[in-house]
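S.K.: Below you will find the structure I want to go over with you.
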Amino acid sequence: MGMTMTQKILAKHAGLESVKAGQLIEADLDLVLGNDITSPVAIHEIEKMNVNGVFNKDKIALVPDHFVPNKDIKSAEHCKCVREFARRNSITNYFEVGQMGIEHALLPEKGLTVAGDVIIGADSHTCTYGAVGAFSTGVGSTDMAAGMATGKAWFKVPSAIKFVLKGELPKWVSGKDVILHIIGMIGVDGALYKSMEFTGEGVASLSMDDR
C-alpha cells in the first residue's frame, strides 16, 4: 500500500523503507523552533541533561516574538534567558529585536523551512510549514529540549485526510475562508493526530500566504 506525503517524509527521516499509521518511530529533525514563552522552559530542561551543548547550532531557531517589546520585568527575563542561551551555544538562527517578526512567517521568508523537512516547534502554530511541503508539528517545551540536545524526536505516524480543492478562489475569498469552511465540515477536533493533505486544481489558486 502506498504512503501519504507525511508518511514518506517521516519514513525517510526515520531511515525506514516505509511506515504506517499508528507506528511509533524516532526521526531526525531538520529544525527545532522556540520562542520567548516556550524556550526558557526548554532551556532549563536541557541544562539538567548531561549533554555538551546542542546537536547542531544551525538547526535551531529562536524567535522572541511574543513578549517583545518587553511589557514587564518577567517578560524581559524570559527574553534574556533565550538571548544568553543563544550566545552560549552560538545559535545561528537567533533573531534579536529589530531582526525578528512573527516566527511562522519569518522562518519561511528566511528559507529555513523547505519541502521535505521534519520540523518541531514549541508553539501550536508550527504546523504552518505544511504550506511549503514540510512535516511540522507543535510540541511541548520538554520535547523541544530533547530535540535541541539530540536532533531527534519520536512520533506516532498519523493517518491522513485528503482534501480535494476544485475551481479557484473568487474575489474577496481567502485561504482563511477555505479552512474555516473545512473546520465547519469536520469539526474543530476532526483532524486530531491526523495530517491534512490538500490536492486538486484549486490548490494552484492559493497564494503562499493563503496556504
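The values are calculated or read from the model by the stated rules, or taken from the named source; none is laboratory data. Worth saying up front: this structure is predicted, and the values here are computed from it rather than measured. Neighbour counts run over all protein chains shown; Cβ positions are idealised from the backbone, glycine included.
S.K.: Can you name the residue in region 1-39 that is touching a Ser or Thr at 6+ places or on another chain (Cβ under 8 Å) and more than 17 Å from G116 (Cα to Cα) and, of all such residues, is surrounded by the fewest Cβ atoms within 10 Å (Cβ to Cβ)?
M.R.: Looking at the filtered set, the residue picked out is G22.
S.K.: Determine which single condition T92 fails, assuming it passes every other condition in (1) of a type in the set (V, I, T); (2) buried (at least 16 other Cβ atoms within 10 Å of the Cβ); (3) modelled with pLDDT of 95 or more.
M.R.: Going through the list (1) of a type in the set (V, I, T); (2) buried (at least 16 other Cβ atoms within 10 Å of the Cβ); (3) modelled with pLDDT of 95 or more, T92 breaks only (2).
S.K.: Does region 187-199 include one or more residues that are farther than 16 Å from T137 by Cβ, of a type in the set (S, T, Y) and in contact with an Asp or Glu (Cβ under 8 Å, 6 or more places away or on another chain)?
M.R.: no
S.K.: Let me ask something additional. How many residues are assigned to a helix (DSSP H, G or I), small (G, A, S) and under 19 Å from H66 (Cα atoms) when one looks only at region 105-139?
M.R.: Adding up the residues that qualify gives 2.
S.K.: I'd like the full set of residues that are assigned to a loop (DSSP other than H, G, I, E, B) and surrounded by 10 or more Cβ atoms within 10 Å (Cβ to Cβ), limited to region 156-186.
M.R.: V157, P158, L165, E168, L169, V173, S174
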